[in-house]
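Single-structure report; data block below.
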Amino acid sequence: MEKLERIPRIPLAITPTPIEAVPRFSKVLGGPEIYIKRDDNTGLAFGGNKARKLEYLMADAKVKGADVILTEGGLQSNHARMTAAAARKLGMKAVLVLKGKEIKEYQGNLLLDRILDAEIIVVDPDGSLTRREAMLKKAEELKARGMKPYVIPTGGSTGLGALGYVRCAKEIIEQSKVMGVEFDWVVHPIGSGGTQAGLIAGKKLFGGNFKVYGIAADNEDFEPEIKKIGEEIGKLLDLELTISPEEIFLNYDYFGPTYGVPSEAAIEAMKLLARTEGIIVGPVYTGKALAGLIDLIHKGKFKENEKILFVHTGGAPAIFGMDLIDRF
Ligand SMILES: Cc1ncc(COP(=O)(O)O)c(C=O)c1O
């Protein structure tokens with residue numbers, strides 16, 4: 001895959017991230033053997049999946065001469081925090097356009113955004129402009145002031161960003177060979193679709209035998225987005241690449257009560273992994289995906305003789321921005 005190597009990329013993520021067996025966690029569940037891909041350890045101000053996407057997005061920003069990066073997310077956005085860190089590392093400013101009523105307390109990711117000295121714009125969901133409109137308006141203002149803004153959409157989930165997870169799929173295939181472990185399923189959370197699209201494209205391109213199973217953190221139809229990102233990846237790599245519906249496994253049973261609010265099942269999942277393996281997952285994405293994995297094992301969706309790789313995409317800093325003490 002020569003073309004992939006020719007697309008500009010700035011190394012920002014600490015890779016390969018380790019794959020860890022979690023035997024004590026697996027034993028409690030009494031089902032398949034579970035492994036965890038530690039993408040929470042990618043670096044860039046506390047790690048997470050966005051580091052891999054930002055390698056390509058920030059390289060593009062640099063090629064285009066950008067001096068300020070704009071992106072959008074929720075108030076506790078991991079993507080925004082990591083984008084701010086990447087911008088700083090490359091000597092650029094960051095503007096984060098975050099959806100919310102008001103900032104009551106700078107904690108969790110918001111505190112990290114402050115430490116990184118990102119400019120924060122809060123967009124009221126009931127206001128006249130959408131988050132995206134507010135971001136594009138700000139980009140125009142910056143341009144008028146002679147700056148060179150570069151806009152990264154939600155979650156960095158474009159074909160270019162998703163190339164980070166094409167590389168991750170290759171990494172998983174290589175690690176699996178060295179470990180002598182064939183994964184049947186790669187399970188991960190979904191927030192905007194880039195991770196899933198990249199993993200599916202990558203496993204097709206590099207000959208992985210695993211199926212990619214996404215557990216949604218929000219009630220949005222991610223399938224069209226995943227297909228679209230797949231096409232964009234194909235164009236970037238000069239390939240006919242189609243992600244077909246049979247390759248997309250999306251589960252919407254675990255995002256409740258609503259996006260961003262930790263479910264009781266997520267809290268239980270966080271406790272179980274922490275108390276059996278000493279690994280902390282986040283309350284918004286990884287905790288809910290892990291709750292889904294646990295429940296699906298209990299329901300027999302994943303079989304005892306199968307091997308599962310759970311991608312820990314990060315997000316733990318959000319726990320410090322929530323009042324969770326009574327729930328543990
Ligand atoms: C910690 C974490 N995990 C998973 C995701 C979802 O990944 P994607 O946006 O590629 O679907 C996000 C962001 O949206 C995230 O912050």
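Using a simple charge model, +1 on the beta-carbon of Lys and Arg, -1 on the beta-carbon of Asp and Glu, nothing else, what dipole does the range 136-220 show about its Cα centre, in debye to the nearest 20?
Rounded to the nearest 20 debye, it is 420 debye.
Can you tell me, using C-alpha contacts under 8 Å and at least 6 residues apart, the relative contact order of the range 63-155 as a whole percent?
38 percent
Full-extension gain between Lys211 and Leu324, please, as 0.36 nm times their residue separation minus the C-alpha to C-alpha distance.
37.3 nm
Please report, in whole Å, how far the alpha carbons of the range 63-155 spread along each principal axis, starting with the longest.
Principal-axis extents of the range 63-155 (Cα, largest first): 35, 29, 21 Å.
For His79, His298, what ranking results if the residue with the fewest other Cβ atoms within 10 Å of its Cβ goes first?
So the residues, fewest neighbours to most, are His298, His79.
Per residue of the range 239-244, what does 6.51 cos²θ - 1.76 cosθ + 1.60 with θ = phi - 60° give for ³J(HN,Hα)? Whole Hz please, x for Gly and Pro, Karplus curve as stated.
Using θ = phi - 60°, the values come out as 10, 7, 10, 10, 9, 8 Hz.
What is the distance in Å between the Cα centroid of the range 34-72 and that of the range 104-169?
13 Å
Within the set of other residues whose C-beta is less than 15 Å from the C-beta of Leu250, count the net charge using Lys and Arg as +1 and Asp and Glu as -1.
-3
Hey, got the dipole for the range 63-155? About the Cα centre, +1 on K and R Cβ, -1 on D and E Cβ, debye to the nearest 20?
The dipole magnitude comes to about 320 debye.
Take the Cβ-Cβ distance between Glu174 and Asp126 as r, set R0 to 45 Å, and report the resulting FRET efficiency rounded to the nearest 0.05.
Rounded to the nearest 0.05, the efficiency is 0.40.
Peptides 242-254, 162-174, 35-47, 185-197: what's the order by average Cβ count within 10 Å, highest mean first?
For the peptides 242-254, 162-174, 35-47, 185-197, the packing ranking is 185-197, 162-174, 35-47, 242-254.
Which whole-number percent is the relative contact order of the range 181-263 (Cα, under 8 Å, 6+ apart)?
Taking the mean separation of contacting Cα pairs over the length of the range 181-263, I get 33 percent.
Could you pull out every one of the lysines with an alpha carbon less than 18 Å from that of Lys271, ignoring same-chain neighbours closer than 8 positions?
Hits, sequence-local ones excluded: Lys27, Lys288.
Remind me, relative contact order of the chain in percent, using alpha carbon pairs under 8 angstrom and six or more residues apart?
21 percent
Taking every DSSP beta bridge that has both residues in the chain, what percent is antiparallel when rounded to the nearest 5?
10 percent
What helices in the chain pass both tests, a Cα length along the helix axis of 15 Å or more and a mean Kyte hydropathy of -1.0 or higher, using whole DSSP H runs?
Span-like helices in the chain: 50-63, 78-89, 159-179, 194-206, 223-236, 264-277, 286-298.
For the residue pair Glu306 and Lys62, what label-to-label distance in nm results when each label sits 7 Å from Cα along the Cα-to-beta-carbon direction?
Using points 7 Å along Cα→Cβ, the separation is 4.0 nm.
Stokes-Einstein at 20 °C, 1.002 mPa s, Kirkwood radius from Cα pairs: D for the chain in µm² s⁻¹?
Approximately 108 µm²/s, per Stokes-Einstein.
Pop a pseudo-label 7 angstrom from the Cα along the beta-carbon direction at both Tyr259 and Lys299 and give the gap in nm to one decimal.
2.3 nm
Only the coordinates and a few stated rules stand behind these numbers; no lab work does. None of these values were measured; they are calculated from a predicted model. A quick note on method: Cβ atoms are made from the backbone with ideal geometry, for glycine too, and the neighbour counts reach across all protein chains shown.
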